[in-house]
There are 2 protein chains.
Amino acid sequence: MPGPLADLFVLDLSRVLAGPFCTMILADLGAQVVKIERPGTGDDSRAFSPMKGSESAYFMSINRGKKSVTANLKHPRGKEIVLKLAKHADVVVENFKPGVTKRLGLSYEDLKVVNPRLIYASSTGFGQTGPLSEKASYDLIIQGMSGIMSITGPDENTPIKVGSSVADIFSGVFTCIGILSALRARDRTGKGQMVDVAMLDCMLSVLENAIARFTVNGIVPKPIANRHPSIAPFSSFTASDGQINIAVGNDTLWLKFCHVINRQDLLEDARYKTNDLRIRHLDSLIATLEATLGKRKSEEWLELFEKAGIPAGKVDNIAEVLQNPQIIAREMLVRLVHPSAGEHIVPGVPMKFSSTEAVIQQAAPLLGEHNREILVSLLGIPEEELPELEAVGAI
Amino acid sequence: MPGPLADLFVLDLSRVLAGPFCTMILADLGAQVVKIERPGTGDDSRAFSPMKGSESAYFMSINRGKKSVTANLKHPRGKEIVLKLAKHADVVVENFKPGVTKRLGLSYEDLKVVNPRLIYASSTGFGQTGPLSEKASYDLIIQGMSGIMSITGPDENTPIKVGSSVADIFSGVFTCIGILSALRARDRTGKGQMVDVAMLDCMLSVLENAIARFTVNGIVPKPIANRHPSIAPFSSFTASDGQINIAVGNDTLWLKFCHVINRQDLLEDARYKTNDLRIRHLDSLIATLEATLGKRKSEEWLELFEKAGIPAGKVDNIAEVLQNPQIIAREMLVRLVHPSAGEHIVPGVPMKFSSTEAVIQQAAPLLGEHNREILVSLLGIPEEELPELEAVGAI
């Protein structure tokens, strides 16, 4: 059976990451995604290194399963193509700065005229409204302004950015949820609508409980390295050959843990009797545990913890992650064959459906690879017009 | 108009974070979410500090807008209630360790018998399949095993956990996408299905391009603090009173930037002529920029960068984030009134719909607050049976 979204047609005007991550999910789930790209150069991320042959690994990863059609949005005949596709589409996704689509004549107000059932999703740094709406932004800027950096880092004076562009990516996944919800509403009302998603809003909503904590106790949360704010021992420790994470989530696990590491003396120590006491004497607890855990290799510890049912794991680098038998068993590493770059690996789909299985449909497209298929077969533009459209710079 | 998911009934068997974050989004979007809790103590997170009055700030934040019904899943009459609700539900969400629902008689195989249209979503650490499937896990363990820690941190030897539980949270949002997609498929096929989401898979899929890069160039990605791997200057810098983020994304911005900071000399420096050269001479570039940027206050710099259109922003702590006029204008701080804890603040909904507006429906429930409403009014259990059900420990 095809993917769960096999009935959807998505027109994708977005570039680089937030919008393309959203449409990647939609394509993975079976939607037909037509990506509109600037003639000549295409999506900026086609130039992001490293390259495999002449193709960007970045672009190929985020744009697998989509179709590429070139159209110059500033050329009247390029715009005409986009309007025709919008008429046909269930969903439009864009991530221009607010105001740009209006100037192009491709705003929601413009497109709902040709297609009142359209779901029009905009993913931007700050959203379509508010005093900072038109401010330029990048993931780094949003991570800084959202507070996520202020609670991530090795110590309270060293805020650190998350190593992947999570502000873009969270914006992409929330845009996806917004689209699917609006489609559900359309099934009831018959009407489309606009969904406005801001990276800053998304990051605020995933701070877990930092806002709730601060507004209740007035204590500004700070980076606390790999520790847990209220459970101990629950942190990274250094074994003789590398780091391991250990999560002793309750007193039963604490009892088991002390036995496994052969430190029954700690069970008798008044400073460590309860979780509250362990948090209060965290520095001395960590020091004494580091001394013990440093005496063996990480794999030995992990085997012992595994047997005892104590949650623990390695701090794997990317090379190690790719060897994890669980990740392989879950088909989370997918080999695709790209027409120019050949075989390459992309992360798989993290939602496993029992009946409408999500399968990555194809490798990322070459620039304009589907011009003929979409323009001629779908829109009915006479084939002989294509060279002319190319010559005038419309496609 | 009510939220876009106003027609959905969700039975929520999940606890703490991954599952509850998913059902929080569904409730925010208008779904009716009935949260099943253990009689007496309820969701573990009801005990997470800090408390406002007798209520956990954590629990109130993640469980706003849901209804609470107590049911002991191990008591036949508690289980009977859950089965009746499952018959009525569109969606069941659970995040027990794999195998637990089977032992309880509440697995997908059990529930699809009473309701073939049911979407049954499981959110776990490692998923329902694979060699590590039944291993215990926490967010910290998954962050370590997924590689996200290996690319986050102040230097290449110091992997750092993201400060919020993003493995749980990403699992929650992907579970939400899985559910909404499966509902769309059900609208076509008439049949429900199971959606199996693993925290580890989710984190792998949000590493951005780390896997694509490594598999193409063989270089294991490492933490690089707040820098960009291939663009410079694009990082955090220290002003005289604190940190600011600056994103000089291209050569045009570099020209403007040097003028704004009055360092036109850098434009003449052969080491910094192009982005590639700036990356090659990053250490000297950062050192000279830090010397200049350290001479003024962050607000002064930000005003200058704002005027010149150079993307820049502060590294705000949570107290500062709550003052951001953009966040206030976007209604991302919502005041709720809880029956016991009174007024408190939670993050708002990061998807803004033009027609089916998403509004947080109510504060988090007291334990069992909706027993009467759901059991009597919805399921038709005679009111006089409730004291008996309580007395035997079923609710």
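Taking segment B:135-150 as the region of interest, how many residues are facing another protein chain (nearest Cβ under 7 Å) and surrounded by fewer than 24 Cβ atoms within 10 Å (Cβ to Cβ)?
First, pick out the residues of segment B:135-150 that are facing another protein chain (nearest Cβ under 7 Å): B:136-138, B:140-141, B:144-150.
With surrounded by fewer than 24 Cβ atoms within 10 Å (Cβ to Cβ) added as a condition, the list becomes B:136-137.
Summing the residues that are facing another protein chain (nearest Cβ under 7 Å) and surrounded by fewer than 24 Cβ atoms within 10 Å (Cβ to Cβ) in segment B:135-150 gives 2.
When residues of segment A:188-237 are filtered for being among the polar types (S, T, N, Q), within 7 Å of chain B (Cβ to nearest Cβ) and part of a helix (DSSP H, G or I), how many remain? Talk me through it step by step, then tell me what you get.
Here is the first cut: in segment A:188-237, the ones among the polar types (S, T, N, Q) are A:189, A:193, A:205, A:209, A:215, A:217, A:226, A:230, A:235-236.
In the following step, the residues that additionally are within 7 Å of chain B (Cβ to nearest Cβ) were identified as A:193, A:205, A:209, A:215, A:217, A:226, A:230.
Adding the requirement that they be part of a helix (DSSP H, G or I) leaves A:205, A:215, A:217.
Of the residues in segment A:188-237, 3 are among the polar types (S, T, N, Q), within 7 Å of chain B (Cβ to nearest Cβ) and part of a helix (DSSP H, G or I).
Any idea how many residues of segment A:349-383 are surrounded by fewer than 20 Cβ atoms within 10 Å (Cβ to Cβ), of a type outside the set (Val, Ile, Thr) and without any contact (Cβ under 8 Å) to a residue 60 or more places away in the chain?
Residues flagged as surrounded by fewer than 20 Cβ atoms within 10 Å (Cβ to Cβ), of a type outside the set (Val, Ile, Thr) and without any contact (Cβ under 8 Å) to a residue 60 or more places away in the chain within segment A:349-383 amount to 6.
Taking the stated definitions as given, is A:LEU5 buried (at least 19 other Cβ atoms within 10 Å of the Cβ), assigned to a loop (DSSP other than H, G, I, E, B) and touching a residue at least 12 places away in the same chain (Cβ under 8 Å)?
Working: buried (at least 19 other Cβ atoms within 10 Å of the Cβ): yes; assigned to a loop (DSSP other than H, G, I, E, B): yes; touching a residue at least 12 places away in the same chain (Cβ under 8 Å): yes.
In short, yes.
With farther than 24 Å from B:VAL376 by Cα and either away from chain A (no Cβ under 14 Å) or not polar (S, T, N, Q) (or both) as the only criterion, which of B:ARG46, B:ARG64, B:ARG77, B:ARG38 stands out? Show your work before the answer.
On the way: B:ARG64 fails: farther than 24 Å from B:VAL376 by Cα; B:ARG77 fails: farther than 24 Å from B:VAL376 by Cα; B:ARG38 fails: farther than 24 Å from B:VAL376 by Cα.
Matching residue, one of B:ARG46, B:ARG64, B:ARG77, B:ARG38: B:ARG46.
Regarding segment A:31-45, can at least one residue be identified that is buried (at least 22 other Cβ atoms within 10 Å of the Cβ) and farther than 25 Å from A:GLU80 by Cα?
no
When residues of segment B:256-270 are filtered for being in a helix (DSSP H, G or I) and either surrounded by fewer than 13 Cβ atoms within 10 Å (Cβ to Cβ) or touching a residue at least 40 places away in the same chain (Cβ under 8 Å) (or both), how many remain? Even if it seems obvious, please write down each step before you answer.
Filtering segment B:256-270 down to residues in a helix (DSSP H, G or I) leaves B:256-260, B:265-268, B:270.
Subsequent filtering for residues that are either surrounded by fewer than 13 Cβ atoms within 10 Å (Cβ to Cβ) or touching a residue at least 40 places away in the same chain (Cβ under 8 Å) (or both) retains B:256-257, B:259-260, B:265, B:268, B:270.
Qualifying residue count for the region: 7.
More than 14 Å from chain B (Cβ to nearest Cβ) and within 30 Å of B:ASP276 (Cα to Cα), is that true of A:GLU55? Let's see the steps before the verdict.
On the way: more than 14 Å from chain B (Cβ to nearest Cβ): no; within 30 Å of B:ASP276 (Cα to Cα): yes.
Judged against the criteria, A:GLU55 is not a match.
Give the number of residues within segment A:151-187 that are polar (S, T, N, Q) and at the interface with chain B (Cβ under 7 Å from one of its Cβ atoms).
Taking segment A:151-187 first, the residues polar (S, T, N, Q) are A:152, A:157-158, A:164-165, A:171, A:175, A:181.
Checking the rest, the ones that are also at the interface with chain B (Cβ under 7 Å from one of its Cβ atoms) come to A:152, A:158, A:164-165, A:181.
Residues meeting the conditions: 5.
Residue-wise test of (1) in contact (Cβ under 8 Å) with a residue 24 or more places away in the chain; (2) under 30 Å from B:ARG335 (Cα atoms); (3) not assigned by TED's automatic domain parsing to the domain that holds B:LYS191.
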site	(1), (2), (3)
B:PHE48	no, yes, no
B:LYS52	yes, yes, no
B:SER61	yes, yes, no
B:ASP90	yes, yes, no
B:ASN95	yes, yes, no
B:GLY105	yes, no, no
B:TYR108	yes, no, no
B:VAL113	no, no, no
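This table checks each residue for (1) touching a strand residue (DSSP E or B) at 6+ places or on another chain (Cβ under 9 Å); (2) not assigned by TED's automatic domain parsing to the domain that holds B:LEU83.
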{"site": "B:GLY309", "(1), (2)": "no, yes"}
{"site": "B:VAL337", "(1), (2)": "yes, no"}
{"site": "B:GLY342", "(1), (2)": "yes, no"}
{"site": "B:VAL346", "(1), (2)": "yes, no"}
{"site": "B:LYS352", "(1), (2)": "yes, no"}
{"site": "B:GLU357", "(1), (2)": "no, no"}
{"site": "B:GLU373", "(1), (2)": "yes, no"}
{"site": "B:LEU379", "(1), (2)": "no, no"}
{"site": "B:GLU383", "(1), (2)": "no, no"}
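The values are calculated or read from the model by the stated rules, or taken from the named source; none is laboratory data. On a predicted model such as this, the values are computed, not experimentally measured, just so you know. Note that we place each Cβ from the backbone using ideal geometry, even for glycine, and neighbour counts take in every protein chain shown.
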